[in-house]
Amino acid sequence: MQNKMKSFDFRSYWKNISSISYLSVAGLLVIATARFAYAIVAAVALIWVYCLSSLIISLCQKFLPQFGKSIVYAFLASFFSGSFILLLWFFSPLCAIETFFLISLIPMLYIASDNINSAEKCKPADAVFSSFFSSLVIGILMLIFALIREPLGFLSLSFPGGDQGITLLFSSDSDGFFPIHLIAASCGALLLLGYFLGVYEYFIKNKELNKKFKEKK
């Protein structure tokens, strides 16, 4: 297991992901990171749906029909997404209602990802491992974005649970100025996403240029 963790490359993960998956990830990032509580629920739901869907696909690959596999995959991902909402309902009904829409987006994100191809070709343990890290990467990104958006946009920090669906760790009623409130809105989330992508590309390109420069030497 440790060798597999060392061989996991985050850069190769982002290079292999499709453009449709980028759009799905961006949509989920915008919706789920308005509150830290929503980001926590979405991150756990991602791991739940990705790992269980890949496990069943890998185990039952020999029994699945050749025609209409995509429908079966969509059903499996939707089933596990619905089962997570049901479990969340027992934990906190209001939290389940508030996060219903963003959890319902996860099956589309899974279908658009490359994890299905891995589940079809790999052993069950490898398929679950690959899906776990794929969902973990997206989950960590959501948590980071939420930790920026909620404290700056709402001057609060929330966790799932409680009588209102979320529990505020702290909250301030003081009025902030418009650029800070903008981060809490969808347009602010897109601006923040674009900024992070720009910084990421900048460091990656600099790293590649430094590597080429060292090779020439």
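The values are calculated or read from the model by the stated rules, or taken from the named source; none is laboratory data. From a predicted model like this one, the values you see are computed outputs, not experimental measurements. Backbone-built Cβ (ideal geometry, glycine too); neighbour counts: all protein chains shown.
Of all residue pairs spaced 6 or more apart or on separate chains, those with beta-carbon atoms under 9 Å, a first member in segment 26-54 that is basic (Lys, Arg) and a second member that is part of a loop (DSSP other than H, G, I, E, B) and at pLDDT below 90 are ARG35/PHE154. Across segment 100-132, the qualifying residues are those that are crowded, with 19+ Cβ neighbours inside 10 Å and aromatic (Phe, Trp, Tyr), and the one among them that is farthest from GLY161 (Cα to Cα) is PHE129. Residues in segment 100-139 that are among the charged types (D, E, K, R) and assigned to a loop (DSSP other than H, G, I, E, B) were compared, and the one that is farthest from the chain's Cα centre (by Cα) is LYS123.
Determine, yes or no, whether ILE97 is assigned to a helix (DSSP H, G or I) and buried (at least 18 other Cβ atoms within 10 Å of the Cβ). Considered against the rule, which asks whether it is assigned to a helix (DSSP H, G or I) and buried (at least 18 other Cβ atoms within 10 Å of the Cβ), ILE97 comes out as no.
For segment 144-173, the candidate set comprises residues that are acidic (Asp, Glu) and in contact (Cβ under 8 Å) with a residue 24 or more places away in the chain; within that set, the residue that is nearest to ALA43 (Cα to Cα) is GLU150. Put simply, of SER12, SER83 the only residue that is surrounded by fewer than 18 Cβ atoms within 10 Å (Cβ to Cβ) and modelled with pLDDT of 90 or more is SER83.
Looking across segment 148-166, the residues that are out of contact with any Ser or Thr (no Cβ under 9 Å at 6 or more places or on another chain) and either in a helix (DSSP H, G or I) or at pLDDT 85 or above (or both) come down to PRO151, LEU152, GLY153.
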